[in-house]
Amino acid sequence: MPQLKAIVEALLLATDAPLNIERLLEVFPEAERPDRDTLQAALAALATDYHGRGVELVEVANGFRLQVPKAFSPWISRLWEERAASYSRALLETLALIAYRQPITRGEIEDVRGVSVSSSIMKTLQERGWIKVIGHREVPGRPALFATTRVFLDYFNLKSLSELPSLAGPRDLDAIGAALDSRNTQRAGSPLQTEFPDV
């Protein structure tokens, strides 16, 4: 039988979706099936082998997958003439609210954003498989409750929602204004400076 690490590598290369430990174990006949620790050791060895190369082994919500490291995206993106999908600010704000405040209703999203949420935004997020209806709030009208999916986690290379970046706390507007004034004063003597303040 080929080396376990090579078999696992072949399985990951042959699929277009992440494979979890259970799914990997299922492909082996019972008499040849490795135990979980041996399989996890083979995955760890593969991850080490790929370190510093043009491919990496990552664990996402639905299991393990091989992918190109982000550092190589400038070159990889040139393989395709089509531009990557771009999303509106409204769509990204809606997705962020669902990710951080789930479960959440459309009305609650609108309350936070201060504007109505377009049906096309919700449809796009559902078609991408990033959000789904997980129930209904027990209030008049029984509005749908939205939450993110494992597909969302996989797309953003997350194993769980706990890996979402923490939200910045509210900042004092007077402190922001003072920081801007200070930077503008410092830059007054160097007209070639073109950076914008990172506030």
### Message
Suppose we filter L13, L46, L57 for residues that are assigned to a helix (DSSP H, G or I) and surrounded by 14 or more Cβ atoms within 10 Å (Cβ to Cβ); which single one remains?
### Response
L46
### Message
So for the stretch 30-49 (the condition being closer than 23 Å to K132 by Cα and not aromatic (F, W, Y)), does at least one residue qualify?
### Response
no
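Does any residue of the stretch 73-87 turn out to be under 21 Å from E163 (Cβ atoms), surrounded by 11 or more Cβ atoms within 10 Å (Cβ to Cβ) and among the hydrophobic types (A, V, I, L, M, F, W, C)? Explain how you work it out, then say what you get.
Here is the first cut: in the stretch 73-87, the ones under 21 Å from E163 (Cβ atoms) are 73, 87.
From the residues that got through so far, the ones that are surrounded by 11 or more Cβ atoms within 10 Å (Cβ to Cβ) too are 73, 87.
Applying the additional criterion that residues be among the hydrophobic types (A, V, I, L, M, F, W, C) yields none.
Scanning the stretch 73-87, I find no residue that is under 21 Å from E163 (Cβ atoms), surrounded by 11 or more Cβ atoms within 10 Å (Cβ to Cβ) and among the hydrophobic types (A, V, I, L, M, F, W, C), so the answer is no.
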### Summary
Among V68, V60, V27, the single one that is in contact with an Asp or Glu (Cβ under 6 Å, 6 or more places away or on another chain) and modelled with pLDDT under 95 is V60
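State all residues of the stretch 27-43 that are among the charged types (D, E, K, R) and surrounded by 11 or more Cβ atoms within 10 Å (Cβ to Cβ); if no residue qualifies, say none.
Applying the first criterion (among the charged types (D, E, K, R)) to the stretch 27-43 yields 30, 32-33, 35-37.
Hits for the stretch 27-43 are R33, R36.
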### Query
Which of the residues belonging to the stretch 113-125 are surrounded by 14 or more Cβ atoms within 10 Å (Cβ to Cβ) and either without any contact (Cβ under 8 Å) to a residue 12 or more places away in the chain or more than 20 Å from V151 (Cβ to Cβ) (or both)?
V117
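The values are calculated or read from the model by the stated rules, or taken from the named source; none is laboratory data. Quantities reported herein were computed from a predicted structural model and do not represent experimental measurements. Note: ideal-geometry Cβ built from the backbone for every residue, glycine included; neighbour counts use all protein chains shown.
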